[in-house]
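The values are calculated or read from the model by the stated rules, or taken from the named source; none is laboratory data. Source: prediction; values computed, not measured. So basically every Cβ, Gly included, is an ideal-geometry build from the backbone, and we count neighbours across all protein chains shown.
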Amino acid sequence: MDNNQRKLLSGPVYIDTKPNHLFSAEVAQKSHVDFNLCYHCRCCGNGCPFVEMMDFPPNSIIRLVQLGLKKEALGSSTIWICAGCHTCSMQCPMAIDMAAIMDSLRQISLEEKAKIGEPDVLAFHKEVLNSIERYGRTSKLDIMLRYKIKTRNLFSDFNVGLKMITKRKLNLIPSIIKGIEKFKELFKGKRNW
Amino acid sequence: MPNKANIDVSYFPGCSMGASGNESNASLLSFCKNIGFNLIELKDWSCCGSSSAHSVDAELAFNLATRNLAIAPSTRPLLIACPNCLLRLRQAYIKLKNDKEYLEKYEKKWGKRFEPNLEIWHFFELIDNVDFNLEKFRKLNNIKFVSYYGCMLNRPPDMRYEKNYYGFMERILSTAGGIPVRWSYASRCCGTFLAAVRPEAVTEMVNKIMKGAIDVGAECIVTACMMCHMNLEIRCTIKRPIPIFHLSELLSFMSGSPITHSSMSKHIIDPMPLLRAKGLIR
Ligand code: SF4
Ligand code: SF4
């Protein structure tokens, strides 16, 4: 648990940023989720397989949004670590779509060029999307190589890569879809990530 | 031999089945052939957007998913092999059915009407939709297995009225003489893309899953997701892991195709000693 979490979970919370009162409406509108139904039972965080990697447990993200603490919510690692596995929505008594909230927060943080809580996760998503734009499909090898170069980490995981290449788990030559030029138009003007 | 169904089905393999997981793809195709489904690969299918598109841009994610719906002929069902692709395409499909705003966007983007009669099938639904005689399947010789669903049966709330298939793999495989073992990690997520970004943390998670399976006495793990299969295999670092099978590999064998050395050699955790011990391969 880090300081942020401790602050939120124990005792009174002293907030050093100004709340933004429009923020929660913005998230509600973008995500189509009525997160005020949440009664903070924390079932979501208890079941989340990734909660230990997050700076705030999932329901605290809802709390931050409710309180209008935009900077904290957008800058959290939680919104990037969330893998959208929906374990939480299966357990939530109020059927809150947590993954949709996280999606919206990531999108807002990109639109507003906020500080990214987990730059490596974003770097990975970028490489996946670049691969889709290039071929119409994803090539794992292409994504991994470029991701490793971008994050200056080329030789970490070398053994895993080698194992996969020899077992032909990584496609060396990606297949390109036929209508690729037209397909690329889907990505036009979409470079805020 | 099981009863033959003789049904044409469009097939969306998705990037991980279409490429990196080709041994599962081959077994899925042979299983479907054995039970009489004629799979016709969706012509020029494209990536569903994976976990990345919806993370950064809702419109892009919607377009990537619906492009595939737009090119699918509505005259036959569309089988989607990968649970993650299925979720993306079905979620888009449900939005199109229920929300005029999305429908308009779709029709403007793809210049055609949305086909609400298009059926989208999960791999489990395909099996569930036919009435074939499991009793006639080849036997798995008391192989002890745990079913690993990962996050594939989890759904966002707007899909909560979809069927739930917990226990499905246990039912099918035990009818054919497999012995299901209960365990605690059946629906624990494999780590998905975090396996690339946070390998150490995911290794820890995967090791827990593997250890959980070994501790209850399972001889193998069965999954129906390529991503789970791969993450468990490449990220597991514990000594003497047990092999992992894609459900389609076992089904293909059960319905009459042989298990071949060449397809098994693509597994990172060697399944051959187990298969030999069980007399499933010579
Ligand atoms: S499980 Fe649902 S109601 Fe409970 S804290 Fe999480 S989001 Fe809120
Ligand atoms: S969807 Fe996100 S918050 Fe919910 S359980 Fe999965 S990783 Fe955790």
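Looking only at residues in the range A:130-151 that are assigned to a helix (DSSP H, G or I) and within 7 Å of chain B (Cβ to nearest Cβ), which one is modelled with the highest pLDDT? Step by step, filter the range A:130-151, then rank; the result is A:I132. Hey, any hits in the range B:29-37 for a residue that's surrounded by 24 or more Cβ atoms within 10 Å (Cβ to Cβ) and within 21 Å of A:I176 (Cβ to Cβ)? No, the range B:29-37 contains no residue that is surrounded by 24 or more Cβ atoms within 10 Å (Cβ to Cβ) and within 21 Å of A:I176 (Cβ to Cβ).
Can we say A:G45 is within 14 Å of ligand 2 (Cβ to nearest atom) and away from chain B (no Cβ under 14 Å)? Lay out the reasoning, then the answer.
On the way: within 14 Å of ligand 2 (Cβ to nearest atom): yes; away from chain B (no Cβ under 14 Å): yes.
Judged against the criteria, A:G45 is a match.
Only residues that are over 28 Å from B:C189 (Cα atoms) and in contact (Cβ under 8 Å) with a residue 40 or more places away in the chain were counted across the range B:68-97, and they come to 6. Which of the numbered conditions does A:V65 fail, given that it passes all the others? Conditions: (1) within 15 Å of ligand 1 (Cβ to nearest atom); (2) touching a Leu at 6+ places or on another chain (Cβ under 9 Å); (3) within 19 Å of B:S52 (Cα to Cα). The number of the failed condition is (3). Total residues in the range A:97-114 satisfying the condition of being out of contact with any Gly (no Cβ under 8 Å at 6 or more places or on another chain), more than 7 Å from chain B (Cβ to nearest Cβ) and within 10 Å of ligand 2 (Cβ to nearest atom): the figure is 2.
Looking only at the range B:199-215, decide whether some residue is at pLDDT 95 or above and assigned to a loop (DSSP other than H, G, I, E, B). Within the range B:199-215, none of the residues are at pLDDT 95 or above and assigned to a loop (DSSP other than H, G, I, E, B).
Limited to the range A:48-68, what total is found for residues that are within 13 Å of ligand 2 (Cβ to nearest atom) and closer than 12 Å to A:V27 by Cβ? Within the range A:48-68, residues that are within 13 Å of ligand 2 (Cβ to nearest atom) and closer than 12 Å to A:V27 by Cβ number 2.
Being in a helix (DSSP H, G or I), out of contact with any Leu (no Cβ under 7 Å at 6 or more places or on another chain), away from chain A (no Cβ under 11 Å) and away from ligand 1 (no atom under 16 Å from the Cβ): is that true of B:E162 here? Don't jump to the end; show me each part of the working.
Working: in a helix (DSSP H, G or I): no; out of contact with any Leu (no Cβ under 7 Å at 6 or more places or on another chain): yes; away from chain A (no Cβ under 11 Å): yes; away from ligand 1 (no atom under 16 Å from the Cβ): yes.
So B:E162 does not fit the description; no.
Checking the condition farther than 26 Å from B:A58 by Cα, surrounded by fewer than 18 Cβ atoms within 10 Å (Cβ to Cβ), touching a helix residue (DSSP H, G or I) at 6+ places or on another chain (Cβ under 8 Å) and in the same structural domain as B:A218 (by TED's automatic domain parsing), which residue from B:R182, B:R138, B:R171, B:R188 passes? Lay out the reasoning, then the answer.
Values: B:R182 fails: touching a helix residue (DSSP H, G or I) at 6+ places or on another chain (Cβ under 8 Å); B:R171 fails: touching a helix residue (DSSP H, G or I) at 6+ places or on another chain (Cβ under 8 Å); B:R188 fails: surrounded by fewer than 18 Cβ atoms within 10 Å (Cβ to Cβ).
Going through B:R182, B:R138, B:R171, B:R188 in turn, the sole match is B:R138.
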